Amino acid sequence: DAMVIQNPRYQVTQFGKPVTLSCSQTLNHNVMYWYQQKSSQAPKLLFHYYDKDFNNEADTPDNFQSRRPNTSFCFLDIRSPGLGDAAMYLCATSRVFGTSVADTQYFGPGTRLTVL
Amino acid sequence: GIQVEQSPPDLILQEGANSTLRCNFSDSVNNLQWFHQNPWGQLINLFYIPSGTKQNGRLSATTVATERYSLLYISSSQTTDSGVYFCAVEQGRGSTLGRLYFGRGTQLTVWP
C-alpha cells in the first residue's frame, strides 16, 4: 500500500544533543510537510517542501532545519533540542497541481520526541 | 490569518448515539479536510470536502462554502470512533498552496 512512513516512532534525546527524524513516502507526492504537535493542541506547520523549494513558516525557530534529498525522503533536524521541543512530529504529503489546486493531505504515524 | 473554530470542544457519547461536529472558518477557502486522530496519534483523513456532501459508511460531511462552515456527522457511534476530530482548511496560492490551518479539534469519547 502507498503510504507515509516515519522513523523512528519514538525518539529519546538529551538536552542539546542533535537529533534527526526521517520521513519517506511511496505516494510520489510533490509536497512534503513537517508539523509539530504538542499535547492537546492542533498540529503546527514548521515548514514544507514544494518539490525542491523549501518554505519556512515565519515563527519556526532556527533550531529546526529540514532536508529533502529526493522526492521520497524528507528529514527534520533539531540542532539543539530543548525541553520545549518535546512533542509529536508529524510528516505529511500531498499532491499539488499548478498554482491553485492542492489535493488531500496524508499523514504518517508520527515520531514522539522526548527530551531529557 | 484565517480563523478555524470547532465545536463542541468535548463530546461524550454512549455507543450507538449520533453526533454532529461543526467547523466554522473566517474566510473563503480552496478546500476543507476532516481528520480523525486516533489514540496513537496518527491523523487519518476522513473527507476532502471543499463543498457539498460526502458519505463514507457511518460518517458523512457537508460543507457550505458560501456560509463558511462544515459539519461532520457520525451515526451509530462505536468505541473505535473515540479520538480527536480536526477540521483543517486550505486557502493558499503558489508556494503556500496546500498549507492547512487547523481548528483546535473536538475530543470525542464513546463509552460502551
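Rule-based calculations on the coordinates, nothing more; no lab input. Quantities reported herein were computed from a predicted structural model and do not represent experimental measurements. No Cβ is skipped: glycine too gets one built from the backbone with ideal geometry, and neighbour counts run over all protein chains shown.
Considered as a group, the residues in region A:72-107 that are more than 11 Å from chain B (Cβ to nearest Cβ) and touching an Asp or Glu at 6+ places or on another chain (Cβ under 9 Å) include one that is nearest to A:Ile5 (Cα to Cα), and that residue is A:Ile78.
Mind checking whether some residue in region B:14-32 is within 14 Å of another protein chain (Cβ to nearest Cβ), closer than 24 Å to A:Gln41 by Cβ, touching a strand residue (DSSP E or B) at 6+ places or on another chain (Cβ under 7 Å) and exposed (fewer than 13 other Cβ atoms within 10 Å of the Cβ)? Scanning region B:14-32, I find no residue that is within 14 Å of another protein chain (Cβ to nearest Cβ), closer than 24 Å to A:Gln41 by Cβ, touching a strand residue (DSSP E or B) at 6+ places or on another chain (Cβ under 7 Å) and exposed (fewer than 13 other Cβ atoms within 10 Å of the Cβ), so the answer is no.
Within region A:17-71, the set of residues being aromatic (Phe, Trp, Tyr) and within 14 Å of chain B (Cβ to nearest Cβ) comprises A:Tyr33, A:Trp34, A:Tyr35, A:Phe47, A:Tyr49, A:Tyr50, A:Phe54. Quick one: is A:Thr93 part of a strand (DSSP E or B), within 22 Å of B:Gly92 (Cα to Cα) and in contact (Cβ under 8 Å) with a residue 60 or more places away in the chain? When the stated conditions are applied, A:Thr93 passes them.
Checking every residue in region B:52-67 against the condition of being surrounded by 16 or more Cβ atoms within 10 Å (Cβ to Cβ), assigned to a strand (DSSP E or B) and within 11 Å of chain A (Cβ to nearest Cβ) gives zero matches. From B:Asn45, B:Asn56, which residue is more than 28 Å from A:Phe54 (Cβ to Cβ) and not aromatic (Phe, Trp, Tyr)? After ruling out the rest, the residue left standing is B:Asn56. Checking each residue in region B:68-105 for being at positive phi, within 14 Å of chain A (Cβ to nearest Cβ) and not in a strand (DSSP E or B) picks out B:Gly94, B:Gly98, B:Gly105.
In the set (1) touching a Lys or Arg at 6+ places or on another chain (Cβ under 8 Å); (2) of a type in the set (A, V, I, L, M, F, W, C); (3) assigned to a strand (DSSP E or B), A:Leu46 fails one condition alone, (1).
Regarding region A:65-73, can at least one residue be identified that is among the aromatic types (Phe, Trp, Tyr) and touching a strand residue (DSSP E or B) at 6+ places or on another chain (Cβ under 7 Å)? Within region A:65-73, one or more residues are among the aromatic types (Phe, Trp, Tyr) and touching a strand residue (DSSP E or B) at 6+ places or on another chain (Cβ under 7 Å). Can you tell me which residue in region A:67-95 is farthest from B:Phe102 (Cα to Cα), limited to those that are surrounded by 21 or more Cβ atoms within 10 Å (Cβ to Cβ) and touching a Leu at 6+ places or on another chain (Cβ under 7 Å)? This residue is A:Leu76.
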